[in-house]
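Read-outs: derived from the displayed coordinates by stated rules, not from any lab. Remember, predicted model here, so these are calculated numbers, not experimental data. Cβ atoms come from the backbone with ideal geometry, glycine included; neighbour counts cover every protein chain shown.
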Amino acid sequence: MPGDGYLFAGLLVMFAVTCCLRAAPFAVLGRLRNSGLVGFLATTMPTGVMVILVVHTLRDLDLTSSPYGLPAGLGVLVTAALHLWRRNALLSIVAGTAVFMLASRLL
């Protein structure tokens, strides 16, 4: 079994690496703030992430047995409609999830 000094040194190294990794984005952010790539990613990533989440959620949907994907369809419909109406991601995600869960229990 390793000694106390060895374990303490290992913990210090883990602490230092964790702090550096957490601070690195803030150290680099100042130089990248006016970058065209960062601006492009800021405008396109939210849509891309949502598309990936929707595809991942609906990929194993069974449309051949009851309730024929109705809860998932209602959840996606409510999420999209609320987001187009209010432009509030948190509201649309929470409401869509609530509709999906409610429809899953009732149907």
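Data for the structure
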quantity: Rounded FRET efficiency, nearest 0.05, which uses the C-beta distance separating R22 from M45 and R0 of 22 Å; calculated: 0.60
quantity: Degrees between helix 70-86 axis and first principal axis of the chain (Cα, 0 to 90, nearest 10); calculated: 70
quantity: Value of relative contact order over the chain, rounded to a whole percent, pairs C-alpha under 8 Å and six or more apart; calculated: 18
quantity: 0 to 90° range, to nearest 10: angle between helix 89-106 axis and the chain longest Cα axis; calculated: 60
quantity: Computed lengthening from R86 to L53, 0.36 nm per intervening residue step minus Cα-Cα distance; calculated: 9.9 nm
quantity: Inter-probe distance in nm under a simple model that places probes 7 Å from Cα toward Cβ, at R31 and A98; calculated: 4.6
quantity: Most positive-pole-ward Cα, A24, A72, L12, against dipole of the chain from beta carbon charges; calculated: A24
quantity: For the range 42-106: rounded, prolate or oblate by the Cα gyration tensor [a/c cutoff 1.5]; calculated: oblate
